[in-house]
Amino acid sequence: AQKVTQAQTEISVVEKEDVTLDCVYETRDTTYYLFWYKQPPSGELVFLIRRNSFDEQNEISGRYSWNFQKSTSSFNFTITASQVVDSAVYFCALSIRDTGRRALTFGSGTRLQVQP
Amino acid sequence: ETGVTQTPRHLVMGMTNKKSLKCEQHLGHNAMYWYKQSAKKPLELMFVYNFKEQTENNSVPSRFSPECPNSSHLFLHLHTLQPEDSALYLCASSQGLAGTSTDTQYFGPGTRLTVL
């Protein structure tokens with residue numbers, strides 16, 4: 001079975017602070033994929049990133065960066081110099097090559113509030 | 001981005017009503033999904049369709065009846081709902097199912113359903 005844990009339920013920061021959202025996953029598969037999605041107040045989940053289990057290189061996209069560490073089964077997401085527009089719920093998700101499971105497994109989400 | 005559209009965006013219905021939610025994807029994907037997102041709860045997968053065939057029903061009550069006439073359209077027919085069914089219903093699509101190289105899901109804006 002697979003599981004995604006986002007232990008931080010809510011985080012509040014002041015604009016321009018850096019913030020890291022944690023994601024820990026569990027799977028017995030050696031081939032799997034990890035995702036981050038952003039859900040702004042409008043409701044739509046916006047795809048941010050997908051990484052496969054064989055690529056442990058960190059990735060940076062503008063103010064966003066992701067740290068994938070297989071040794072600790074973590075795929076953490078950092079926002080540098082946070083802005084009010086970053087306020088949203090962020091979901092980490094996992095997919096594996098398991099024929100019994102057809103869709104992504106989502107964590108419970110972390111609500112990020114960025115105060116001006 | 002109008003890759004996945006959902007109508008209506010808001011719906012209020014009584015417990016004896018019958019209504020339908022519609023989802024359309026313009027991404028040429030083969031798989032479509034219904035999720036339920038209640039307040040303070042994680043995303044719950046309801047149904048998965050691949051090439052119009054239902055591949056997963058996550059123990060959803062029969063008062064929710066999905067229909068997938070083609071790979072671009074997905075409906076959720078609602079009847080005799082309960083107040084606890086009030087939630088945000090999200091539709092998503094992907095090229096392939098979980099664990100494939102094309103399993104990134106793209107979401108619609110959701111339908112916010114209120115059952116009185």
**Study point:** Loop-located chymotrypsin sites (Phe, Trp or Tyr not before Pro) in the stretch A:54-116, at most 14 other Cβ atoms within 10 Å (DSSP)
**Key:** A:Phe54
Point to revise | Cross-link table B:Lys22/B:Lys52; B:Lys19/B:Lys52; A:Lys3/B:Lys41, entries beyond 19 Å C-alpha to C-alpha | key: B:Lys19/B:Lys52
Revision key, fill the gap. Most fluctuating of A:Gln83, A:Gln69, A:Gln57 in the GNM of chain A (C-alpha, under 10 Å) is A:Gln57
Exercise for review: Could you state how much accessible area is buried at the B-A interface, both sides summed, with a 1.4 Å probe, in Å² to the nearest 100?
Suggested key: 1900 Å²
Point to revise | Cα-based reach from B:Lys18 at 14 Å (exclusive), listing aspartates and glutamates while leaving out same-chain residues under 8 positions away | key: B:Asp85
Practice item. Compare each residue of the stretch B:36-55 in its chain alone against the assembly with all protein chains, and report those whose accessible area goes down by 20 Å² or more; 1.4 Å probe, heavy atoms. Key: B:Gln37, B:Pro42, B:Leu43, B:Leu45, B:Thr55
Check your understanding: Suppose every K and R has +1 on its Cβ and every D and E has -1 on its Cβ; what is the size of the dipole of chain A about the Cα centre, in Debye to the nearest 20?
Key -> 400 debye
Study note, to complete from the structure: Among A:Thr5, B:Ser38, B:Tyr106, the residue whose Cα sits farthest towards the positive end of the charge dipole of the protein assembly as shown, when +1 is placed on the Cβ of each Lys and Arg and -1 on the Cβ of each Asp and Glu, is B:Ser38
Review point. Which distance in Å, rounded to a whole number, links the C-alpha centroids of the stretch B:73-116 and the stretch A:24-79?
Key: 22 Å
Study note, to complete from the structure: Rounded to a whole %, the carbon-and-sulfur portion of the accessible area of the protein assembly as shown at a 1.4 Å probe is 48 percent
Practice item. For every other residue with a beta carbon closer than 9 angstrom to the beta carbon of B:Cys91, add +1 if it is Lys or Arg and -1 if Asp or Glu, then tell me the sum. Key: 0
Exercise for review: Could you list the chymotrypsin sites (Phe, Trp or Tyr not before Pro) in the stretch B:9-116 that lie in coil according to DSSP, counting only those with at most 12 other Cβ atoms within 10 Å of their Cβ?
Suggested key: B:Phe51
Study note, to complete from the structure: Relative contact order in percent for chain A (Cα pairs under 8 Å, 6+ apart) equals 38 percent
Revision key, fill the gap. Out of A:Thr20, B:Gly14, A:Gln57 - ranked by how far each Cα lies towards the positive end of the dipole of the protein assembly as shown, with unit charges on the beta-carbon of charged residues - the top one is B:Gly14
Point to revise | Set of the stretch A:37-72 residues, backbone N closer than 14 Å to the point 7 Å along the Cα-Cβ line of A:Thr80 | key: A:58-67
Study note, to complete from the structure: Result for chain B: accessible area per residue, probe 1.4 angstrom, in square angstrom, of 46 Å²
Revision key, fill the gap. Dividing the mean separation of Cα pairs under 8 Å (6+ apart) by the residue count of chain B yields a relative contact order in percent of 36 percent
Practice item. Quick one: net charge around A:Gln113, please, counting Lys, Arg +1 and Asp, Glu -1 for every other residue with C-beta under 12 Å from its C-beta. Key: -3
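The values are calculated or read from the model by the stated rules, or taken from the named source; none is laboratory data. The structure displayed is predicted, hence computed values, not measured ones. All Cβ positions, glycine included, derive from the backbone under ideal geometry; neighbour counts span all protein chains shown. Remember, those area values only see protein heavy atoms, side chains included, never the ligands or the DNA or RNA. Shrake-Rupley method; radii C 1.70, N 1.55, O 1.52, S 1.80 Å.
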